Every structure is written in structure tokens, then in C-alpha cells.
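J.: Just dropping this structure here.
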Amino acid sequence: MAPASGASSGTIRGFQDTAKGISMSLPTSLPTTAPGSAVILTGDRPTGPLHLGHFVGSLRNRIAYQHTYRQFIMLADAQALTDNMDDTGKVHRNVVEVALDYLAVGIDPALSTILIQSQIPELAELTFYYLNLVTVARLERNPTVKEEIRLRGFERDIPAGFLTYPASQAADITAFKAVLVPVGEDQIPMIEQTNEIVRRFNRTAGREVLVEAKALVPEIGRLPGIDGKAKMSKSLGNTINLGATADEIRAAVKQVYTDPLHLRVQDPGHLEGNVAFLYLDAFDPDQAGLAEMKAHYVRGGLGDSLVKARLEACLQDLLAPIRARREELAKDKGHVMQILKEGTAKAREVAAKTADEVKAALGLTYF
Ligand code: TRP
């Protein structure tokens with residue numbers, strides 16, 4: 001596969017839409033494979049409600065992609081179970097919560113197909129065959145899996161399903177013949193491993209049954225947590241959720257990490273690592289006004305409270321309509337489930353066709 005210009009193999013770094021405003025415009029340098037026909041697949045493990053980090057890192061882009069690509073969005077409940085067998089209820093509950101987040105931000109089920117992973121048995125079937133195309137050693141070397149094993153403290157007691165989830169993710173991606181997989185940086189090894197499986201499979205089959213995929217990594221990087229930690233994450237407790245109430249937003253903004261050296265209003269302030277300004281970069285629609293605020297802050301004479309007041313106003317404006325839509329949609333969960341049911345049925349047809357092709361290529365056809 002030819003790497004995109006200036007990109008590492010299998011990765012496209014093309015987002016011009018760096019943390020500037022909340023425009024939903026398409027990144028300018030996406031590959032130009034016949035719009036409308038190229039398949040994009042993304043997924044989330046439904047283990048908690050989505051937050052501003054998801055909004056900046058993935059949801060905004062999905063809202064744009066759905067107009068140009070054939071987009072599948074997977075609620076990866078089966079993958080979520082690989083490290084949540086002690087709390088299956090959490091995964092079940094969060095399927096609808098994450099779906100509400102999708103719909104509330106503007107993912108349109110008429111344009112994007114939202115599906116529930118566990119309800120497509122062909123994905124498990126494909127996983128079973130792909131497991132023969134990876135070695136345990138290769139899975140153990142997968143940097144993302146390795147890091148997750150460390151973080152979860154599995155040590156030697158790694159659930160086999162967890163160790164092998166890259167094969168399941170390869171099934172997710174290949175079942176839909178996705179050519180683009182928008183993911184965070186940490187997921188690049190998954191796409192690389194998927195492509196290894198694809199190449200091995202096609203070599204075994206003697207023809208191109210499966211297609212390789214490219215990771216589409218936003219250049220914008222991660223939105224830090226409100227505490228200044230590099231990542232906004234539920235497990236770190238430093239998030240602002242998309243469904244946050246006005247009071248929750250206010251309380252979170254109060255806690256936002258700024259410049260610890262900026263003790264008096266008249267002191268010059270620092271922008272580096274200053275989460276209030278990093279968030280304003282991402283969410284203030286008035287970027288010219290923001291540039292002036294930054295200059296004032298650096299010069300001295302601008303207090304954190306005014307910066308935070310501006311940030312709160314921006315976040316309240318951004319999240320109020322999302323929250324309102326979310327609350328409206330949540331009143332009729334049956335309707336949401338119907339959307340997921342239809343999306344899953346549509347997706348299953350595609351996955352079943354691929355599973356048939358895969359089985360035929362392996363000689364698993366008898367009757
Ligand atoms: N592993 C992804 C995550 O943890 C979720 C996921 C599952 C996924 N299947 C996928 C992402 C397929 C992209 C494509 O966020």
C-alpha cells in the first residue's frame with residue numbers, strides 16, 4: 001500500500017482543522033476515492049458516556065464524513081466485554097447512552113449506519129478464522145494491547161478474548177471493506193495488525209478478497225482533561241460529558257487547570273499547558289477575540305476568572321443544544337433502539353456477504 005504523502009505507512013495525517021473553532025468543515029486533504037462509495041468505519045467501546053474529547057477527536061469528523069462517505073459507526077459492545085466481564089450491565093446500559101450521544105451531536109441515521117457489534121454474529125465468525133493468521137507473540141507485541149494490559153494490571157492473567165481483540169477489530173474493519181478508519185493515535189497498531197491479517201488472508205486465498213484500510217488520525221491531537229492531564233478520560237475523572245448539565249459545566253470550568261504561576265491579575269500569564277486556553281482554541285467561535293485575550297493574558301492584567309467566564313459561555317453555548325436534543329431523544333428510547341436495530345440489520349447484510357466470501361476463499365462451502 002502506498003503511504004499517503006508525508007505520512008507514515010498506513011496512516012493519513014491530513015487534518016487542517018486543528019483545534020481552531022468548532023467548524024464542522026471537512027478536513028482538506030482526505031483521499032479522494034469516489035465520494036459516496038468509499039467505506040469509513042469507526043467504533044467506540046460503550047463503557048461510559050461520551051465527552052468533549054470524543055467530540056473534538058472523532059464526533060465532529062464523523063458528522064462531516066457522513067455526507068461524503070459510506071459511514072458505519074459501531075457500538076463495540078463485544079469488544080467492551082473483553083475487559084468488562086465483571087460488569088456486563090455497564091456495557092449494556094452504555095450502548096443506548098452512546099447512541100444518544102451520537103444522535104444528539106448530529107450523527108444522522110439516514111446518512112450513517114449505526115450498528116451494535118454483538119448483534120452481527122458474522123463478526124465473531126470472521127474473528128475465529130483471522131485468529132489463525134496471527135500469532136500469540138504478535139498479539140503480545142501489539143503496543144496498544146501491551147499498554148492496556150499494563151494499565152489493567154492483568155499481568156499474566158490476561159483474558160484470551162482481550163489478548164486477541166485485535167483479530168476481532170480486524171473483523172470489524174474488513175467485514176465492511178472499510179478503506180478508512182478514523183481513530184486516535186493509540187489505535188494505529190490495530191490498523192497495522194488488521195492490514196497484516198488482510199495481506200495474509202489474501203495470500204492464502206490467492207486473490208484480493210479483503211481490502212487494506214488506512215488509519216485516519218486527526219492532527220489536532222488529544223483534548224487534555226480539565227486537570228491538565230494529557231488525556232480526557234472517564235477513568236481519570238477529568239471529563240466534561242456531552243450530556244453535562246449547565247451546573248456540571250460551570251463546576252467543571254471552575255476546576256479547569258490554568259497557569260499555576262499566574263497568582264495576581266497583573267502578573268503575566270502563560271499559555272503553554274493552560275487548559276482554559278487550549279479549550280478556547282477548540283471551542284471559541286471568535287478566534288480573533290481569543291487572540292486578543294491571549295495577548296492580554298500574556299502581557300498581564302487579565303485574570304483567570306474572565307478567561308474562565310468566556311470558556312464557560314462557549315461551552316454552555318456548544319452543549320446546550322446537544323443536551324436538549326439528548327434529553328428529547330432519551331424520552332423515547334424505543335425510537336433509539338429502532339434506529340440501532342435498522343442500522344444493525346443493514347450492516348449485517350454487508351458483513352454476511354464478506355463472511356460468505358471469506359468462507360468460500362477458505363474452501364468452507366459444502367452444500
Ligand atoms: N478499539 C476501539 C476503541 O477502543 C473501538 C473499536 C472497535 C473500533 N472496533 C473498531 C475502532 C473498529 C475502529 C474500528 O476505541
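J.: Per 0.36 nm of contour for each residue apart, how much would the distance between residue 68 and residue 231 grow if the chain were fully extended, relative to their Cα-Cα spacing? Walk me through the numbers before you get to the answer.
T.: On the way: separation 163, 0.36 × 163 = 58.68 nm, distance 2.94 nm.
Using 0.36 nm per residue and subtracting the Cα-Cα distance, I get 55.7 nm.
J.: Which whole number in µm²/s is D for the range 134-272 by Stokes-Einstein, with the Kirkwood Rh taken over Cα pairs at 4 °C and 1.567 mPa s? Walk me through the intermediate numbers first.
T.: Details: Rh = 18.4 Å.
The diffusion coefficient I find is 71 µm²/s.
J.: With Cβ to Cβ distances under 13 Å as the rule, what net charge do the other residues near residue 106 carry (K, R +1; D, E -1)?
T.: Cβ neighbours under 13 Å give a net charge of +2.
J.: How high is the relative contact order of the chain, in percent, with contacts defined as C-alpha pairs under 8 Å that are six or more residues apart?
T.: About 22 percent, as a whole number.
J.: In nm, to one decimal, how far is the residue 346 label point from the residue 287 one, both placed 7 Å along Cα→Cβ?
T.: The answer from the label model is 3.3 nm.
J.: Which value, in debye to the nearest 20, gives the size of the charge dipole of the range 246-323 about its Cα centre, when Lys and Arg are +1 and Asp and Glu are -1 at the Cβ?
T.: Charge dipole of the range 246-323: 160 debye, to the nearest 20.
J.: Run the numbers for residue 309 and residue 324: contour at 0.36 nm per residue of separation, minus the present Cα-Cα distance, in nm. The partial results should precede the final answer.
T.: On the way: separation 15, 0.36 × 15 = 5.40 nm, distance 2.19 nm.
Gain in length upon complete extension: 3.2 nm.
J.: Now, a different point. Tell me the angle of helix 88-105 to the major Cα principal axis of the chain, expressed in degrees between 0 and 90 and rounded to the nearest ten.
T.: It is inclined by approximately 60 degrees.
J.: Tell me the mean residue ellipticity at 222 nm calculated for the chain from its helices only (DSSP H runs of n ≥ 4, each -39500 (n - 2.57), averaged over every residue, nearest 500).
T.: The per-residue figure over the chain is -15000 deg cm²/dmol.
J.: On to the next question. Quote the FRET efficiency, to the nearest 0.05, computed for residue 337 versus residue 295 with a Förster distance R0 of 51 Å and r equal to the Cβ-Cβ distance.
T.: Working: r = 51 Å, r/R0 = 0.99.
Efficiency, from the Cβ-Cβ distance: 0.50.
J.: Against the longest alpha carbon principal axis of the chain, how many degrees, from 0 to 90 and to the nearest 10, is the axis of helix 165-175 turned?
T.: Approximately 80 degrees, to the nearest 10.
J.: Hey, got the Cα dimensions of the range 246-323 along the principal axes, in Å, largest first?
T.: For the range 246-323, the Cα extents along the three principal axes come out at 37, 25, 18 Å.
J.: Enter the angle in degrees (range 0 to 90, nearest 10) between the Cα long axis of helix 188-205 and the first principal axis of the Cα atoms of the chain, meaning the one along which they spread out most.
T.: 20 degrees
J.: Of the peptides 50-63, 335-348, 101-114, how do they stack up when ordered by the mean number of other Cβ atoms within 10 Å, highest first?
T.: Peptide ranking by packing, descending: 50-63, 101-114, 335-348.
J.: If you keep only loop residues by DSSP, which GluC sites (Glu not before Pro) in the range 245-315 have at most 12 other Cβ atoms within 10 Å of their Cβ?
T.: In loop regions of the range 245-315 (DSSP not H, G, I, E or B), the sparsely surrounded GluC sites (Glu not before Pro) are 272.
J.: log₁₀ I(q)/I(0) of the chain at q = 0.09, 0.12 Å⁻¹, via Debye over equal Cα point scatterers, no solvent, to two decimals?
T.: -0.54, -0.94
J.: Could you tell me the center-to-center distance, by alpha carbons, between the range 235-287 and the range 76-103 in angstrom?
T.: Taking the Cα centre of each part, the range 235-287 and the range 76-103 sit 29 Å apart.
J.: For residue 223, what residues show an amide H to amide H distance below 5 Å, using hydrogens built from the backbone and excluding near sequence neighbours?
T.: Residues meeting the amide H criterion: 232.
All of the numbers you see were taken from the coordinates with simple rules; none came from a lab. Here the structure is a predicted model, which means the values were calculated and not measured. Backbone-built Cβ (ideal geometry, glycine too); neighbour counts: all protein chains shown.
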